[in-house]
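Here's the structure we're looking at; comments come further down.
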Amino acid sequence: MNISHLKYAVEVEKARSISQAAENLYMGQPNLSKAIRELENDLGITIFKRTSKGVIPTQKGEEFLGYAKSILTQVEEMESLYDSGERERLRLSIVVPRASYVTQAFVRLCASLREEKELEINFKETNTTEAVSLVADRECSLGVIRYRSIYERYFVSLLTGKSLQYHTLWEFEPLLLVSENHPLARQEQIREEDLLPYIELTHGDFSVPFLSVAEARRTPQEQPHKKICIYERGSQFDLLSSLPETYMWVSPVPEETLRRWQLVQRRLVSDRPRTCRDVVIYTQGHRLSAQERLFLSYLSDARRELSGGNGESAAPQ
């Protein structure tokens, strides 16, 4: 068993196909199949099994692949420390929800790092379940996820099952984000029934792990309304500005973003709680780099600015 074998196995898991993994690795399929068999013989386990959905790990295979990814991450970190020519490359990979205050913190981070000689940053905005998978699979070293507080136990179960560390960054009540020209922009009080004639913009990729059909039926449902599902954060501002009859539920938005897009944010008068939670996640044993800590610091700064300086984020668990 060697490092190459570990990389081969991880690529097969990612591609869910021996032929596709071989293509991604620029090697012949017979050679890759032989390498996987040799690895399985060395370990005394079957790593993959063929199914109608492609090649997937066995239970023992999943356990092995978790160790393999951890080893490969450590090897990559070691190589970056002792890169030939004594060059220092700063690498950072972060996955986050689509939130303006998070983007503001990221911009501040990039501004602080622009003098670095060699820099490689990956910043991905996506939904919570994909973010958890990317961090658990070590494709991203740090993540921020968002979920409604009523689903806390489901997401804690997911994070625990993935062996992820987590701590709450912020708990907040979502606000209505509308154009300055929206009919409700200057209404003194807004209630749920006032929203019915208008179109909600929503990130249409939200899901709750382990939530059964019966439990979903017991969960308080929103009133029926018009809806446009979007999957890219930038387009939401274009739609809000161009279509005054649209609105969106968001975490508090920085003033500079509101001014730039001519938007306003309003609270809803309702007896039904909508509390959401933003949570920082990373793998067990991961040591936060100086840059990751700096990003978290900028996140906390942005959060405090939006909440009027009240409260501190919880310590990591």
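A few points about this structure:
- Charge dipole (the chain, unit charges on Cβ, about Cα centre) - positive-most of Y298, V12, L176: V12
- Antiparallel DSSP beta bridges within the chain, percent to nearest 5: 60
- Between 0 and 90°, nearest 10: helix 233-242 axis offset from the chain longest Cα axis: 20
- Principal axis analysis of the Cα atoms in the chain yields extents of 70, 51, 36 Å, listed in decreasing size.
- Annotation: lysines with alpha-carbon distance below 25 angstrom to K34 (same-chain offsets under eight excluded): K7, K14, K49, K53, K60, K69.
- Compared with the dominant principal axis of the Cα atoms in the chain, helix 152-161 is inclined by about 10°.
- Given in Å, the Rg to one decimal and the Dmax to the nearest whole number for the Cα atoms of region 28-79 are 12.6, 39.
- In plain terms, the chain from S242 to E139 could stretch by 33.4 nm, reckoned as 0.36 nm per residue minus the Cα-Cα distance.
- Cα gyration tensor shape of region 101-141, rounded if a/c is under 1.5, else prolate or oblate by comparing a/b with b/c: oblate
- Here the relative contact order of the chain, from alpha carbon pairs under 8 Å that lie six or more residues apart, stands at 22 percent.
- Highest mean packing comes first when the peptides 29-37, 244-252 are listed by Cβ atoms within 10 Å, giving 244-252, 29-37.
- Counting only DSSP H runs of at least 4 residues, each contributing -39500 (n - 2.57), and dividing by the residue count of the chain, the helix-based mean residue ellipticity at 222 nm comes to -13000 deg cm²/dmol.
- Global form of region 1-152, assessed from the alpha-carbon gyration tensor, a/c cut-off 1.5: oblate
- Rounded tilt (10° steps) of 100-113 against the dominant C-alpha axis of the chain: 50
- Check: the chain dipole with +1 on Lys, Arg Cβ and -1 on Asp, Glu Cβ, in debye: 640
We did not get these values from a lab; they are worked out from the coordinates using the rules stated. For clarity, every value in this text was computed on a predicted model and none was experimentally measured. Methodologically, a virtual Cβ is constructed for each residue, glycine included, from the backbone with ideal geometry; neighbour enumeration extends over all protein chains shown.
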